[in-house]
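Chemist: Dropping a structure here in structure tokens format, bear with me for questions.
The values are calculated or read from the model by the stated rules, or taken from the named source; none is laboratory data. These numbers were taken from a predicted model, which means no experiment stands behind them. For neighbour counting, all protein chains shown are included, and Cβ atoms are generated from backbone atoms with ideal geometry for every residue, glycine included. Just so you know, the surface numbers come from the protein's heavy atoms only, side chains and all, with ligands and any DNA or RNA stripped out. Shrake-Rupley method; radii C 1.70, N 1.55, O 1.52, S 1.80 Å.
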Amino acid sequence: MEAEKLRTIVYPSNRWRRFRSPVEPAIASFRSLRVLEGLGLPENIGKLKLLRYISTNASADLPNSLCMLLNLQYLDLTESCVSRLPEDFWKLISLRFLGLKTTLTRLPKDGIGRLTSLRTLYFYECDNLESLGEGIKHLSCLRDLALKNCDKLVSLPAGFRHLTSLERLEIGWCESLNLSEDDVLKGLISLEKLQLKHLPRLVSLPKGLLDSVAALTHLEIGGCENLTSPSESVLPNLLSLQSLTIRFCEKVASLPEGMQRLTKLQDLDITGCSLNTGRYSEGGEYWPKIANVPNIKRHY
């Protein structure tokens with residue numbers, strides 16, 4: 001049958017769909033399938049040995065046979081909400097992308113840390129997640145990490161500093177997360193882009209960020225209501241910065257001394273802050289701090 005040669009199934013995404021697709025019971029019979037998107041996962045999903053890509057919005061827990069998919073490279077669960085990961089989840093040794101939405105409070109000890117091929121890890125609306133676990137230190141190939149809407153996450157694990165290949169980090173809408181301690185974000189020597197958004201406990205930039213001085217080119221901070229100032233001991237020393245954005249951080253009333261050392265800075269966007277516009281305009285008292293920046297956007 002031609003159906004047996006089917007390689008791709010993409011079902012229109014609808015998170016409010018109440019009924020199973022008529023395709024779902026037959027999924028495991030498509031032995032040549034490489035891509036599966038928008039459907040639930042049957043208990044015998046492990047029969048599809050050639051699967052490379054899964055994006056599912058199923059409300060049920062993941063079937064244990066998922067862990068038999070040793071060729072799986074992409075697994076997106078951000079449209080689902082899993083309450084547990086299968087015991088043998090670590091066997092997905094080819095996984096390069098993992099997007100996770102879960103009700104778990106803690107990740108299984110070996111659930112993530114042994115997925116050493118991971119390049120991208122995305123946590124989304126993990127409302128109960130309190131810890132990423134120390135196993136994350138083993139993800140030596142990780143390039144992209146996003147933590148969004150993880151309201152109970154209080155701190156990053158000590159093993160975070162071992163993510164020496166991490167290039168892009170996005171953290172947002174994590175109400176309990178404290179990133180202001182000096183040793184936070186240490187060790188991220190390859191970090192090129194950092195986004196920090198809507199983090200009410202962020203008061204200042206951590207000194208650990210200085211470990212990224214040779215790589216960090218883009219820094220964006222937005223909606224951090226208690227950030228008082230981009231730290232004088234940190235920001236002016238991020239000498240590789242090419243783009244700096246600070247938006248809607250109402251308590252930021254000044255830029256630190258030494259900003260003129262950022263000779264590679266090409267774009268500066270300060271919006272919705274409390275800086276005195278006159279003092280930072282050409283000819284103003286603090287104009288020398290930013291005079292070397294070619295592109296300046298100011299709406300204080």
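Chemist: Filter segment 168-183 down to residues that are assigned to a loop (DSSP other than H, G, I, E, B) and surrounded by 19 or more Cβ atoms within 10 Å (Cβ to Cβ), then give me how many there are.
Modeler: Taking segment 168-183 first, the residues assigned to a loop (DSSP other than H, G, I, E, B) are 173-183.
Now restrict to residues that are surrounded by 19 or more Cβ atoms within 10 Å (Cβ to Cβ): 174, 177, 179.
Residues that pass the stated criteria total 3.
Chemist: Also: Scan segment 39-73 for residues that are hydrophobic (A, V, I, L, M, F, W, C) and outside any loop (DSSP other than H, G, I, E, B) and jot them down. Steps first, answer last, please.
Modeler: First, the residues of segment 39-73 that are hydrophobic (A, V, I, L, M, F, W, C): 39, 41, 45, 48, 50-51, 54, 58, 60, 62, 66-70, 72.
Answer for segment 39-73, where residues must be hydrophobic (A, V, I, L, M, F, W, C) and outside any loop (DSSP other than H, G, I, E, B): Ile45, Ile54, Leu66, Cys67, Met68.
Chemist: Go through segment 102-121 and report how many residues are at pLDDT below 95, crowded, with 17+ Cβ neighbours inside 10 Å and not in a loop (DSSP other than H, G, I, E, B).
Modeler: Result for segment 102-121: 1.
Chemist: Could you grab the pairs with beta carbons closer than 8 Å, sequence gap of 6+ or different chains, first residue in segment 177-193 and farther than 19 Å from Leu227 by Cα, second one open to solvent by 80 Å² or more (accessible area, probe 1.4 Å) and of a type in the set (A, V, I, L, M, F, W, C)?
Modeler: If the second residue must be open to solvent by 80 Å² or more (accessible area, probe 1.4 Å) and of a type in the set (A, V, I, L, M, F, W, C), the pairs left are Ile189/Ala214.
Residues are listed down the side, and each one gets a yes or a no for (1) among the hydroxyl-bearing types (Ser, Thr, Tyr); (2) within 22 Å of Leu166 (Cβ to Cβ):
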| residue | (1), (2) |
| --- | --- |
| Phe30 | no, no |
| Ile54 | no, no |
| Ser80 | yes, no |
| Gly99 | no, yes |
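Chemist: Give the residue, chosen from Val234, Val252, that is open to solvent by less than 20 Å² (accessible area, probe 1.4 Å), within 25 Å of Lys148 (Cβ to Cβ) and touching a Lys or Arg at 6+ places or on another chain (Cβ under 8 Å). Give the derivation first.
Modeler: Values: Val252 fails: touching a Lys or Arg at 6+ places or on another chain (Cβ under 8 Å).
The conditions single out Val234.
Chemist: Here is a follow-up. What number of residues within segment 46-89 are of a type in the set (Ser, Thr, Tyr) and either under 17 Å from Ala28 (Cβ atoms) or open to solvent by less than 50 Å² (accessible area, probe 1.4 Å) (or both)?
Modeler: Qualifying residue count, segment 46-89: 6.
Chemist: Continuing with the same structure: Please state which of the following conditions Ser240 fails to meet, knowing it meets all the rest: (1) surrounded by fewer than 18 Cβ atoms within 10 Å (Cβ to Cβ); (2) under 17 Å from the mean Cα position of the chain (by Cα).
Modeler: (2)
Chemist: Next question. Does Arg161 fit the bill of being more than 12 Å from the chain's Cα centre (by Cα), under 18 Å from Ser80 (Cα atoms) and open to solvent by 20 Å² or more (accessible area, probe 1.4 Å)? Break it down into steps so the answer makes sense when it comes.
Modeler: Numbers: more than 12 Å from the chain's Cα centre (by Cα): yes; under 18 Å from Ser80 (Cα atoms): no; open to solvent by 20 Å² or more (accessible area, probe 1.4 Å): yes.
When the stated conditions are applied, Arg161 does not pass them.
Chemist: A further question follows. Show me the strands (runs of 3 or more DSSP E) entirely contained within segment 215-300 in which 1 or more residues are under 15 Å from Leu205 (Cα atoms).
Modeler: Passing ranges, in order: 218-222, 243-247.
Chemist: I'm trying to understand the selection: among the residues of segment 122-139, which are assigned to a loop (DSSP other than H, G, I, E, B) and more than 20 Å from Val154 (Cα to Cα)? If you could, list the steps in order and put the result at the bottom.
Modeler: Within segment 122-139, the first condition is being assigned to a loop (DSSP other than H, G, I, E, B), and the residues that meet it are 125-130, 132-133, 139.
Answer for segment 122-139, where residues must be assigned to a loop (DSSP other than H, G, I, E, B) and more than 20 Å from Val154 (Cα to Cα): just Leu139.
Chemist: While we're here: Between Glu130, Glu125, which is modelled with pLDDT of 90 or more, at positive phi, open to solvent by 30 Å² or more (accessible area, probe 1.4 Å) and out of contact with any Pro (no Cβ under 7 Å at 6 or more places or on another chain)? So that I can check it myself, show each step before the final result.
Modeler: Numbers: Glu130 fails: at positive phi.
Of the residues listed, the single one that is modelled with pLDDT of 90 or more, at positive phi, open to solvent by 30 Å² or more (accessible area, probe 1.4 Å) and out of contact with any Pro (no Cβ under 7 Å at 6 or more places or on another chain) is Glu125.
Chemist: A further question on this structure: Just to verify a result, which residue in segment 90-101, among those that are open to solvent by less than 20 Å² (accessible area, probe 1.4 Å) and in a loop (DSSP other than H, G, I, E, B), is farthest from Lys148 (Cα to Cα)? Steps first, answer last, please.
Modeler: Residues of segment 90-101 that are open to solvent by less than 20 Å² (accessible area, probe 1.4 Å), as a first pass: 92, 95, 98-100.
With the extra rule that they be in a loop (DSSP other than H, G, I, E, B), the set shrinks to 92, 95.
Numbers: Leu92: 24, Leu95: 21 Å.
Within segment 90-101, the match that is farthest from Lys148 (Cα to Cα) is Leu92.
Chemist: Residues of segment 204-214 being part of a loop (DSSP other than H, G, I, E, B) and crowded, with 17+ Cβ neighbours inside 10 Å, which ones? I'd like the intermediate steps shown before the answer.
Modeler: First pass over segment 204-214, keeping only residues part of a loop (DSSP other than H, G, I, E, B): 204-206, 213-214.
Within segment 204-214, Ser204, Leu205, Pro206 meet the criteria.
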